[in-house]
Amino acid sequence: MTTLRSLLFVAWLYLSMAVFAVGMSPALLLPHRYAMWVITSWSRFVLFGLRWIAGVRVEVRGLEHRPTGAALIASKHQGMLDVIAPFAFLDDNCFIMKQELLPLPFFGWFAWKTRMIAVDRSAHSKALKDMVRQARARFAEGRQILIFPEGTRAEVGAQPDYKPGIAALYRDLDAPCHPVATNAGVHWPAHGFRRYPGTVVYEFLPPIPAGLKRAEFMQALQNSIESASTKLLVQPNGRLAHSGD
């Protein structure tokens, strides 16, 4: 049954991308807020299908810590859902994303229109400077900048590997950093098509204040996200959940 429901949801996901890409494409000619409305609507449409087809519910916790206005947000990244869901619960989400995603139909088109921060990771130090430059501009516009500190999605339980990009943004923006923990990879794994019923949690954690030294900040961020994400993996029986359970 899980396999069948997963296949039906995958069909729902990609069909919705095609429908929104064609049906809502005129928004690409309109101001930013209209294109952002399309992405937000699509995100909620996907989450609706995820719940009623695949049996996966999304819950947002720690709302007292959710930022308003311009903000720097650092989130655990375990799968594609982490790219889709935040548009449903952030005011004006602005992702740090790979530049090679821009040519993709729908996702790339609307990412370009809504001025997501696209980075050429092969450019190394130049890419870091370009990311910081774009982030500074988006932050000044009041956007909520979302970065995955590990740079890419990681399997549940994998050893964390936090990259220097988040430290550069934290220093340059001189703003608090808002960590987000999740267990998304348990129900929507980083690889494969199967979706496992249950509750995906995104939890906003207490913000890390601005002005910490680099090493102190990186340690505080990793401790906050990893400890909270691990807690979300623990099942009622005390066992550690895995994406294949």
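What pairs can you find where one residue is in segment 1-14 and under 13 Å from Trp52 (Cβ atoms), the other is at pLDDT below 95 and open to solvent by less than 40 Å² (accessible area, probe 1.4 Å), and their Cβ atoms are less than 6 Å apart, with a gap of 6+ or different chains?
Partner pairs satisfying both residue conditions: none exist.
Looking only at segment 61-69, decide whether some residue is in contact with a helix residue (DSSP H, G or I) (Cβ under 8 Å, 6 or more places away or on another chain) and under 30 Å from Ala158 (Cα atoms).
So far as segment 61-69 goes, yes, one or more of its residues are in contact with a helix residue (DSSP H, G or I) (Cβ under 8 Å, 6 or more places away or on another chain) and under 30 Å from Ala158 (Cα atoms).
Does Gly192 fit the bill of being open to solvent by 50 Å² or more (accessible area, probe 1.4 Å), at positive phi and at pLDDT below 95?
yes
For segment 21-51, give me each residue that is over 20 Å from Val10 (Cα atoms) and small (Gly, Ala, Ser).
Ser25, Ala27, Ala35
Can you find a residue that is open to solvent by 10 Å² or more (accessible area, probe 1.4 Å), modelled with pLDDT of 85 or more and among the basic types (Lys, Arg) anywhere in segment 112-124?
Yes - at least one qualifying residue is present in segment 112-124.
Might you let me know whether segment 143-150 holds any residue that is polar (S, T, N, Q) and part of a strand (DSSP E or B)?
Yes, some residue in segment 143-150 is polar (S, T, N, Q) and part of a strand (DSSP E or B).
Could you tell me whether segment 14-23 includes any residue that is under 16 Å from Phe87 (Cβ atoms), touching a Phe, Trp or Tyr at 6+ places or on another chain (Cβ under 6 Å) and outside any helix (DSSP H, G or I)?
For segment 14-23, residues under 16 Å from Phe87 (Cβ atoms), touching a Phe, Trp or Tyr at 6+ places or on another chain (Cβ under 6 Å) and outside any helix (DSSP H, G or I): absent.
Sort through Gly157, Gly165, Gly198 and tell me the only one that's of a type outside the set (Asp, Glu) and crowded, with 20+ Cβ neighbours inside 10 Å.
Gly165
Go through Leu232, Leu221, Leu169 for me and flag whichever is assigned to a helix (DSSP H, G or I), touching a helix residue (DSSP H, G or I) at 6+ places or on another chain (Cβ under 6 Å) and aliphatic (A, V, I, L, M).
Leu169
Search segment 42-65 for residues that are under 21 Å from Ser229 (Cβ atoms) and pair each with any residue that is of a type in the set (A, V, I, L, M, F, W, C) and surrounded by fewer than 19 Cβ atoms within 10 Å (Cβ to Cβ) when their beta-carbon atoms are under 6 Å apart and the residues are at least 6 apart or on different chains.
Matching pairs, first to second residue: Val60/Phe89.
If you scan segment 136-146, which residues turn out to be open to solvent by less than 60 Å² (accessible area, probe 1.4 Å) and without any contact (Cβ under 8 Å) to a residue 40 or more places away in the chain?
Ala137
Restricting attention to segment 120-137, report how many residues are under 21 Å from the mean Cα position of the chain (by Cα) and part of a helix (DSSP H, G or I).
11
Take the residues in segment 42-73 that are assigned to a loop (DSSP other than H, G, I, E, B) and not basic (Lys, Arg), then tell me which one is farthest from the chain's Cα centre (by Cα).
Gly55
Residues being β-branched (Val, Ile, Thr) and over 17 Å from Phe106 (Cβ atoms): count how many of those fall in segment 66-93.
2
For Val60, are the conditions met, namely being open to solvent by less than 30 Å² (accessible area, probe 1.4 Å), closer than 18 Å to Asn183 by Cβ and at pLDDT 95 or above?
no
Can you find, within segment 5-24, the residue that is farthest from Phe193 (Cα to Cα) among those that are under 23 Å from the mean Cα position of the chain (by Cα) and of a type in the set (Gly, Ala, Ser)?
The selected residue is Ala21.
The values are calculated or read from the model by the stated rules, or taken from the named source; none is laboratory data. Bear in mind the structure is a predicted one, so any value in this text is a computation, not a measurement. Backbone-built Cβ (ideal geometry, glycine too); neighbour counts: all protein chains shown. What goes into the accessible areas is simple: the full protein's heavy atoms, side chains included, and nothing from ligands, DNA or RNA. Shrake-Rupley method; radii C 1.70, N 1.55, O 1.52, S 1.80 Å.
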